[in-house]
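Asks: Sharing a structure below in structure tokens format, with a few things to ask.
The values are calculated or read from the model by the stated rules, or taken from the named source; none is laboratory data. This is a predicted model, so every value here is computed, not measured. Using ideal geometry, Cβ is built from the backbone for each residue, glycine included, and neighbour counts are taken over all protein chains shown. To get the accessible areas, we keep the full protein, side chains included, count just its heavy atoms, and leave off ligands, DNA and RNA. Shrake-Rupley method; radii C 1.70, N 1.55, O 1.52, S 1.80 Å.
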Amino acid sequence: MFTLKSAAKAQLDEHFGGKDKEPIRIYLASGCGGARLGLALDEQKDNDQVFDVEGYSFLMESALFEEAKPVSVAFDASMGFTVESSMKFPEAQGGCSSCGCGGSCG
């Protein structure tokens, strides 16, 4: 199951207003805050599942979707876009040796 929440659709409508709607990839990202699902504009690949929802095409690697489903794209003014799923991510370990984001290293 894949859903696009109304606030996320409204934000996408604003972003793409007057422009061609490009496919949006959901992918596994990692960084200082740990692993999460992220969004990026991309082209369809052979192993993707495609979800056409409310005029937008969302792409997700089939194996990743099977692990993450159900998936929902949400938007919050303070958090931006988020991808909600059933995936369980390990707690971020923090520190600055892995990414140089200026953590609490002294």
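Asks: Counting only residues that are open to solvent by less than 50 Å² (accessible area, probe 1.4 Å) and over 14 Å from the mean Cα position of the chain (by Cα), how many does the range 35-46 have? Don't jump to the end; show me each part of the working.
Replies: Residues of the range 35-46 that are open to solvent by less than 50 Å² (accessible area, probe 1.4 Å), as a first pass: 35, 37-38, 40, 42.
Next, only the ones that are over 14 Å from the mean Cα position of the chain (by Cα) stay: none.
Final tally of qualifying residues: 0.
Asks: Residues of the range 1-34 being within 14 Å of the chain's Cα centre (by Cα), among the charged types (D, E, K, R) and assigned to a loop (DSSP other than H, G, I, E, B), which ones?
Replies: LYS5 - this is the single residue of the range 1-34 that is within 14 Å of the chain's Cα centre (by Cα), among the charged types (D, E, K, R) and assigned to a loop (DSSP other than H, G, I, E, B).
Asks: Out of curiosity, is LEU39 assigned to a strand (DSSP E or B) and out of contact with any helix residue (DSSP H, G or I) (no Cβ under 9 Å at 6 or more places or on another chain)?
Replies: So LEU39 fits the description; yes.
Asks: Taking strands (runs of 3 or more DSSP E) that fall entirely within the range 45-106, which contain at least 3 residues that are modelled with pLDDT of 95 or more and among the aliphatic types (A, V, I, L, M)?
Replies: It comes to 71-76.
Asks: Within the set of pairs 6+ apart or on separate chains, which have a first residue in the range 48-65 that is on the phi < 0 side of the Ramachandran plot, a second that is surrounded by fewer than 17 Cβ atoms within 10 Å (Cβ to Cβ) and among the small types (Gly, Ala, Ser), and C-beta atoms under 8 Å apart?
Replies: ASP48/SER62; GLN49/SER62; VAL50/SER57; PHE51/SER57
Asks: Looking at this structure, is SER30 of a type outside the set (A, V, I, L, M, F, W, C) and farther than 19 Å from MET1 by Cβ?
Replies: It is true that SER30 is of a type outside the set (A, V, I, L, M, F, W, C) and farther than 19 Å from MET1 by Cβ.
Asks: Quick one: ILE26 ticks every box in (1) under 20 Å from SER86 (Cα atoms); (2) open to solvent by 60 Å² or more (accessible area, probe 1.4 Å) bar one, so which box is it?
Replies: (2)
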